[in-house]
């Protein structure tokens, strides 16, 4: 999987902005080429556990997709942060995953993004497999 440098920096900045809560958004680009060209921030609407969970408003997601599709782009997958935890899928993440989407997780420690990893769900609800990530 390849990600444009500006998109990667935007994910890291979003993670730092949202700390100590999880942030989330869409990875946008060309799934058939394995290329993420930009991101689209979404709000984490989880009010009970925003420090270790994220929930995306389905209407906000659909509105964003409409804009993305109108520009000839597609949704490659989702990104979110793990405040003060490794950039690895949690059981919660795995249970909510959909096959073929890319999931980028960024670890944010004390307000700074320190690591990022990409995973693809082999089936709905996992398991995940790790994918190499190249910043281009």
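Give me the base-10 log of I(q)/I(0) for segment 2-135 at each q in 0.13 Å⁻¹, Debye formula, one uniform scatterer per Cα, rounded to two decimals.
Evaluating at q = 0.13 Å⁻¹ gives log10 I(q)/I(0) of -0.48.
Please identify which residues in segment 59-78 have an amide N closer than 19 Å to a label point set 7 Å out from the Cα of residue 133, following the Cα→Cβ vector.
Flagged as within label range: 75-78.
Using Cα-Cα distances under 8 Å and only pairs 6 or more residues apart, what relative contact order does segment 2-135 have, in percent?
25
At 7 Å along Cα-to-Cβ for each site, give me the label-to-label distance between residue 124 and residue 88 in nm.
2.8
At R0 = 22 Å, how high is the FRET efficiency between residue 58 and residue 110 if r is their beta carbon distance? Nearest 0.05 is fine.
Once rounded, the FRET efficiency stands at 0.10.
When a/c reaches 1.5 or more, the comparison of a/b and b/c decides; with that in mind, is segment 92-136 rounded, prolate or oblate per its Cα gyration tensor? Please report the intermediate quantities before stating the final value.
Working: a/c = 3.33, a/b = 1.58, b/c = 2.11.
Oblate, because a/c is 1.5 or more while a/b does not exceed b/c.
Among 113, 87, 13, whose mean-square fluctuation peaks in a Gaussian network model of the chain (Cα, cutoff 10 Å)?
Checking each option, the largest mean-square fluctuation is seen for 13.
Which of rounded, prolate, oblate describes segment 73-118, given a ≥ b ≥ c as roots of the alpha-carbon gyration tensor eigenvalues and a/c under 1.5 marking rounded, otherwise prolate only if a/b is larger than b/c? Present the calculation step by step, with values, prior to reporting the outcome.
Working: a/c = 2.96, a/b = 1.56, b/c = 1.90.
It is oblate, given that a/c is not under 1.5 and a/b is not larger than b/c.
As a test, work out the antiparallel percent of DSSP beta bridges whose residues both lie in segment 34-136, rounded to the nearest 5.
Values: 13 of 20 bridges.
Percent antiparallel among DSSP bridges in segment 34-136 is about 65.
If I build a Gaussian network model for the chain, linking alpha-carbon pairs within less than 10 angstrom, which residue out of 49, 65, 88 has the largest mean-square fluctuation?
49
Quick one: Cα centre-to-centre distance for segment 73-130 and segment 8-42, in angstrom?
Taking the Cα centre of segment 8-42 as reference, the centre of segment 73-130 is 11 Å away.
Counting other C-beta atoms within 10 Å, which of 79, 54 has the fewest, and how do the rest follow? Walk me through the intermediate numbers first.
Values: 79 30, 54 25.
Listed from fewest to most nearby Cβ atoms, that is 54, 79.
Can you sort 104, 42 from fewest to most other Cβ atoms within 10 Å of each residue's own Cβ? List each step's numbers first, then the result.
Working: 104 26, 42 22.
Least crowded to most crowded, the residues run 42, 104.
Among 19, 78, 101, 69, rank each residue by its count of other Cβ atoms within 10 Å, from fewest to most, as a rough exposure measure. Please list the in-between numbers first.
Details: 19 19, 78 23, 101 16, 69 11.
Arranged by neighbour count, lowest to highest, 19, 78, 101, 69 become 69, 101, 19, 78.
Between 124, 48, 61, which gets the highest mean-square fluctuation from a Gaussian network model of the chain, Cα cutoff 10 Å?
Largest GNM mean-square fluctuation: 48.
Computed from the coordinates by the stated procedures, all read-outs in this text should not be read as laboratory data. Since the structure is predicted, the reported quantities are computational estimates derived from the model, not experimental observations. When we count neighbours, we look across all protein chains shown, and the Cβ atoms used for this are built from the backbone with ideal geometry, even at glycine.
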